[in-house]
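The values are calculated or read from the model by the stated rules, or taken from the named source; none is laboratory data. Predicted, not measured: the structure shown is a model, and the values here were computed from it. Note: ideal-geometry Cβ built from the backbone for every residue, glycine included; neighbour counts use all protein chains shown. Only protein heavy atoms, including side chains, enter the accessible area calculation; ligands, DNA and RNA are left aside. Shrake-Rupley method; radii C 1.70, N 1.55, O 1.52, S 1.80 Å.
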Amino acid sequence: QVQLVESGGGLVQAGGSLRLSCTASRIIFSINSMGWYRQAPGKQRELVAIIGSGGSTNYADSVKGRFTISRDNAKNTVYLQMNSLKPEDTAVYYCNVRARRAWFENESDYWGQGTQVTVSS
């Protein structure tokens with residue numbers, strides 16, 4: 001089973017920065033996309049940013065220009081650099097990886113346990 005371990009969440013003042021990391025381990029044959037989603041209290045989970053295997057990226061309009069997603073394929077790790085944080089960025093952030101465990105298997109989505117990001121005003 002693919003395991004995702006997240007780190008980097010915490011409490012920060014508005015205007016501050018945080019960097020989230022997510023490393024995929026255990027049995028992995030290949031990784032396609034890697035991304036970050038978030039869920040605020042009382043709201044649905046939403047896409048924050050995603051990066052494809054070739055490096056193409058896509059961002060939610062609300063974070064464009066402030067957040068940067070990147071990946072290190074050698075380490076099976078995806079990062080989310082968050083700058084100019086706002087109170088409305090407060091949420092639990094989840095790492096998502098679309099991967100194949102073996103050459104004969106289809107791709108599946110895997111999720112991290114979530115990390116809390118709180119931005120105070």
Whole-Hz ³J(HN,Hα) from phi, Karplus 6.51 cos²θ - 1.76 cosθ + 1.60, for segment 9-15, glycine and proline x: x, x, 9, 9, 7, 4, x
Label-to-label distance, nm, for residues given as Thr68 and Gln1 (7 Å Cα→Cβ offset): 3.6
Surface per residue (accessible, 1.4 Å probe) for the chain, Å²: 54
Segment 60-82 residues near the modelled Arg26 label - backbone nitrogen below 18 Å, point 7 Å along Cα→Cβ: 76-78
Net dipole in debye of the chain [+1 Lys, Arg Cβ; -1 Asp, Glu Cβ; about Cα centre; nearest 20]: 100
Backbone HN-Hα couplings from phi across segment 29-36 [Karplus 6.51/-1.76/1.60, Hz, Gly and Pro as x]: 8, 7, 10, 8, 8, 9, x, 10
Apportionment of accessible area to carbon and sulfur, segment 3-121, percent (1.4 Å): 46
Where chymotrypsin sites (Phe, Trp or Tyr not before Pro) fall in DSSP loop in segment 39-119, at most 13 other Cβ within 10 Å: Trp103, Phe104
Integer Hz, Karplus 6.51/-1.76/1.60 couplings in order for segment 44-61, x for Gly and Pro: 7, 5, 10, 6, 9, 7, 9, 10, x, 5, x, x, 5, 10, 8, 10, 5, 4
